[in-house]
Amino acid sequence: MLYKFLSGLAKGVTHCIFRVKVVGKENVPKDGGMILAVNHKSNWDPIFAGAYCPRTLRFMAKADLFKNKLFGGLIKKLGAFPMPVSYTHLTLP
């Protein structure tokens with residue numbers, strides 16, 4: 001419920017501030033597993049992805065973000081899970 005409320009709020013706010021154009025939303029499967037790889041160019045990217053993806057998302061986030069109890073608790077409730085920093089430098093070929 002919190003996710004739906006905040007994603008709707010984020011969609012409304014970002015729509016007013018930015019000119020958002022979503023391309024390929026019809027390619028997101030309605031159910032089953034999927035991986036949405038967001039090209040993380042800014043801190044806005046998870047907000048946009050959560051607001052405009054038609055499905056509820058879970059986010060892999062660096063573990064340092066969970067150190068702050070308030071922020072860590074919020075992102076955990078929104079479906080984020082910690083990734084140890086030692087793994088964040090790994091890249092695919």
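Structural remarks
- Relative contact order of the chain, defined on C-alpha pairs under 8 angstrom at six or more residues apart (%): 28
- Linear extension gain, S86 paired with K62, 0.36 nm per residue minus alpha-carbon span: 7.7 nm
- Straight Cα distances below 18 angstrom link K21 to the lysines K11, K41, with same-chain residues fewer than 8 positions distant left out.
- Radius of gyration over Kirkwood radius for the chain, both on Cα atoms: the Rg/Rh ratio is 0.96.
- Dipole of the chain, positive direction: furthest Cα of N39, G8, A63, with charges on the beta-carbon: G8
- Accessible surface ranking for R55, R19, 1.4 angstrom probe, highest first: R19, R55.
- Cα-based helix-to-principal-axis angle, 2-17 vs the chain, degrees rounded to 10: 60
- Extension gain for Y52 to K4 (0.36 nm times residue separation, less C-alpha to C-alpha distance): 16.2 nm.
The values are calculated or read from the model by the stated rules, or taken from the named source; none is laboratory data. The structure presented is a predicted model; accordingly, all values stated were derived computationally and were not measured. Reconstructed Cβ throughout: ideal geometry from the backbone, glycine too, with neighbour counts over all protein chains shown. Calculation scope for accessible area: heavy atoms of the full protein, side chains included, ligands and nucleic acids excluded. Shrake-Rupley method; radii C 1.70, N 1.55, O 1.52, S 1.80 Å.
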